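Q: This is the structure I have questions about; it appears just below.
The values are calculated or read from the model by the stated rules, or taken from the named source; none is laboratory data. As the structure is a prediction and not an experimental result, all values here were calculated from the model. Note that we place each Cβ from the backbone using ideal geometry, even for glycine, and neighbour counts take in every protein chain shown. Just the protein is used for accessible areas: all its heavy atoms, side chains included, with ligands, DNA and RNA removed. Shrake-Rupley method; radii C 1.70, N 1.55, O 1.52, S 1.80 Å.
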Number of protein chains: 2
Amino acid sequence: MNSKGNFVKKLRNSGLRPTKQRIKICEVLFKNEKTFHFTINELSKIIAEKIEEKISLATIYNTVHAFKKKGYLKEISINTDKSYFDTNTSHHHHFFDNLTKELTDLSNEDVEKIQINKSLPGKKISSVEILVKVENE
Amino acid sequence: MNSKGNFVKKLRNSGLRPTKQRIKICEVLFKNEKTFHFTINELSKIIAEKIEEKISLATIYNTVHAFKKKGYLKEISINTDKSYFDTNTSHHHHFFDNLTKELTDLSNEDVEKIQINKSLPGKKISSVEILVKVENE
DNA sequence: TTCTAGTTTATAATAATTCTAAAAAAAGTA
DNA sequence: TACTTTTTTTAGAATTATTATAAACTAGAA
């Protein structure tokens, strides 16, 4: 279980000043061990509900991007209308239900090794990401 | 080689009135057999250059979305900042170079069969899309 | 030719995100 | 502690991409 003190350390270690706002956002994002997906809009609603003092939208944007840069969050592009962030930063894949817009993790272990028989001249692969679109049976 | 007449037929067959604007956009998108990727912004620039009479931006949006709905175009979500469309509507995958923002097709045949050992209750897979991110060697 | 539904257009509206500049807070220093 | 510097936060403005609106136009049918 992550506590305030650990977040302060985490922030300081990555060169981010542990401000009140950043610590609060850490608590919302990283307190429970379960990872989850969110949009900026959803996050700002959660923060508005959970926290006594409001955090400005600009700060939420700044912080999410700072956390992404530091590798504490991953951005996922599923469809154009919504941009999701993921607190699970390990390499993994996703299921996406276009109807419900629901996003579910698909762990690396649940996918057989992917063999790609083509390469681009002068380029090497940095990651292989799978998006499995699902619909109702 | 696709000609104007074919586009008129194509449009009519799918219940879209073959208007001057739609035919012009067809010509830009489907005239040459090579498929390609574009953003709305790029498309509107191409149209502005190639065509004597201007087509309003709203019409370009409408038309691209109509074509997508009819299956003549596919939308690809690679990253948040740009939304790409693809004139290659067959099932295939992509390479993406985050540095140059270059998008390259990866055909289905160049990927070994993907085995996913997890399923979501009540859902079935409708598609499996791979995004291979590349960087300079 | 006339009529009608579908389409295009300019413009306004909306939404998401970034920018800006001033105020506030954190860290460093004496 | 008090002072200084640097970073961060903030509200609101600016920007950008996209969608909505309503009037003018057009393709196709009668």
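Q: Helix-derived [θ] at 222 nm for chain A: sum -39500 (n - 2.57) over DSSP H runs of at least 4, divide by residue count, nearest 500?
A: -10500 deg cm²/dmol
Q: Once B and A are treated as a pair rather than alone, how much accessible area drops out, both sides summed, in Å² to 100, probe 1.4 Å? Provide the component values of the computation, followed by the final result.
A: Details: alone 9840 and 9830 Å², together 16070 Å².
Buried: approximately 3600 Å² between A and B.
Q: If you don't mind, there's one more thing I want to ask. From the backbone phi of the stretch B:100-117, what are the Karplus-calculated ³J(HN,Hα) couplings (6.51 cos²θ - 1.76 cosθ + 1.60, θ = phi - 60°) in whole Hz, Gly and Pro given as x?
A: 8, 6, 7, 10, 10, 5, 10, 6, 3, 5, 8, 10, 5, 3, 9, 10, 10, 9
Q: Another question, then. Considering only the label points, 7 Å along Cα→Cβ from Cα, what distances in nm to one decimal separate residue B:36 from the same position in each other copy, shortest first?
A: 4.5
Q: Mind checking which chain B residue has its Cβ closest to the axis relating B to A, and how many whole Å off it is?
A: So the closest residue, with its distance, comes out as B:77, 2.
Q: May I ask you to give the solvent-accessible area per residue for the stretch B:90-134, in square angstrom, as obtained with a 1.4 angstrom probe?
A: Ligands and nucleic acids excluded, the figure is 53 Å² per residue.
Q: Normalising by the residue count of chain A, find the relative contact order in percent from Cα pairs under 8 Å and 6+ residues apart.
A: Details: 134 pairs, mean separation 25.1, N = 137.
Value for chain A: 18 percent.
Q: Here is a further query. Just the accessible area for residue B:100, please: 1.4 Å probe, Å², rounded to the nearest 10?
A: 70
Q: For chain A, set up a Gaussian network in which alpha carbons nearer than 10 Å are linked by springs, and say which option among A:66, A:58, A:48 fluctuates the most.
A: A:58
Q: Let me ask something else. How far is residue B:61 from the same spot in each other copy, in nm, shortest first, if each label point sits 7 Å from Cα toward Cβ?
A: For residue B:61, the inter-copy label distances come out at 2.0 nm.
Q: Then there is this: How big is the dipole moment of chain A about its Cα centre under a simple scheme where the beta carbon of each Lys and Arg is +1, that of each Asp and Glu is -1, and everything else is neutral? Debye, nearest 20, please.
A: Working: 24 positive and 18 negative charges, 233 e Å.
Here the size comes out at about 1120 debye.
Q: Ok, one more. Given B:101/B:123; A:123/B:74; A:34/A:69; A:101/B:31; B:50/B:82, which pairs have Cα atoms separated by over 31 Å?
A: From the list (B:101/B:123; A:123/B:74; A:34/A:69; A:101/B:31; B:50/B:82), the Cα-Cα distance tops 31 Å for B:101/B:123; A:101/B:31.
Q: Turning to a different aspect of this structure: Mean 1/r over all different Cα pairs, inverted: what Kirkwood radius does the protein assembly as shown give, in Å? Intermediate results must be reported in sequence, preceding the final value.
A: Numbers: mean 1/r = 0.0466 Å⁻¹.
Kirkwood hydrodynamic radius for the protein assembly as shown: 21.5 Å.
Q: Show me, for the stretch B:34-42, the HN-Hα J-couplings you get by feeding each phi into the Karplus relation (A = 6.51, B = -1.76, C = 1.60, θ = phi - 60°), rounded to Hz, glycine and proline as x.
A: So the Karplus estimates, Gly and Pro as x, are 5, 8, 7, 10, 7, 9, 4, 4, 4 Hz.
Q: When you look at the Cβ of every residue in B:100-110, what mean number of other chain Cβ atoms sits within 10 Å?
A: Working: counts 1, 0, 2, 0, 3, 1, 5, 2, 0, 2, 5.
Mean shielding count: 2.
Q: Would you tell me the mean number of C-beta atoms belonging to other protein chains that fall within 10 Å of each C-beta in A:85-96, as a whole number?
A: 1
Q: Residues of the stretch B:56-82 with accessible area at least 50 Å² lower in the all-protein-chain context than alone (1.4 Å probe)?
A: At a threshold of 50 Å² (probe 1.4 Å), the residues of the stretch B:56-82 that become less exposed are B:77, B:80.
Q: Once fully extended, how much extra length lies between residue B:129 and residue B:102, figured as 0.36 nm per residue of separation less the alpha-carbon to alpha-carbon distance?
A: Result: 8.0 nm gained on full extension.
Q: Another question about this same structure. Taking the 0 to 90 degree range and rounding to the nearest ten, how far is the long axis of helix A:20-30 tilted relative to the main principal axis of chain A, both from C-alpha atoms?
A: With rounding to tens, the tilt is 40 degrees.
Q: What are the ³J(HN,Hα) couplings of the stretch A:52-63, residue after residue, when phi is run through the Karplus curve with 6.51, -1.76, 1.60 and θ = phi - 60°? Round to Hz, x for glycine and proline.
A: These are the phi-based 3J(HN,Hα) values: 5, 8, 6, 10, 5, 4, 4, 5, 4, 4, 4, 5 Hz.
Q: Cα centroid distance between the stretch A:14-40 and the stretch B:1-71, in Å?
A: Centre-to-centre (Cα) distance: 45 Å.
Q: Under 5 Å between amide H atoms, partner at least 5 residues away or on a different chain: which partners does residue B:78 have, H built in plane at 1.01 Å?
A: B:84
Q: Determine the share of the stretch B:4-77's accessible area contributed by carbon and sulfur atoms, expressed in whole percent, with a 1.4 angstrom probe.
A: It is 49 percent, rounded to a whole number.
Q: Oh, and also: Evaluate 2.2 N^0.38 Å with N set to the residue count of the stretch A:98-137, then give the Cα radius of gyration divided by it.
A: Output field value: 1.59.
Q: With N set to the number of residues, divide the alpha-carbon radius of gyration of the stretch B:3-133 by 2.2 N^0.38 Å and report two decimals. Working shown, then result.
A: Values: Rg = 16.9 Å, N = 131, 2.2 N^0.38 = 14.0 Å.
Compared with the compact-globule rule of thumb, the stretch B:3-133 sits at 1.20.
Q: Extent of the stretch A:62-128 along each principal axis, from alpha carbon coordinates, in Å, largest to smallest?
A: For the stretch A:62-128, the Cα spread along each principal axis is 37, 30, 24 Å.
Q: Need one word for the stretch B:1-75: rounded, prolate or oblate. Basis is the Cα gyration tensor (sqrt eigenvalues a ≥ b ≥ c); a/c below 1.5 gives rounded, then a/b vs b/c decides.
A: Since a/c stays below 1.5, the shape of the stretch B:1-75 is classed as rounded.
Q: Residues in the stretch B:74-117 near a label at residue A:68, defined as backbone nitrogen under 17 Å from the 7 Å Cα→Cβ point?
A: B:77-84, B:97-101, by backbone N distance to the label point.
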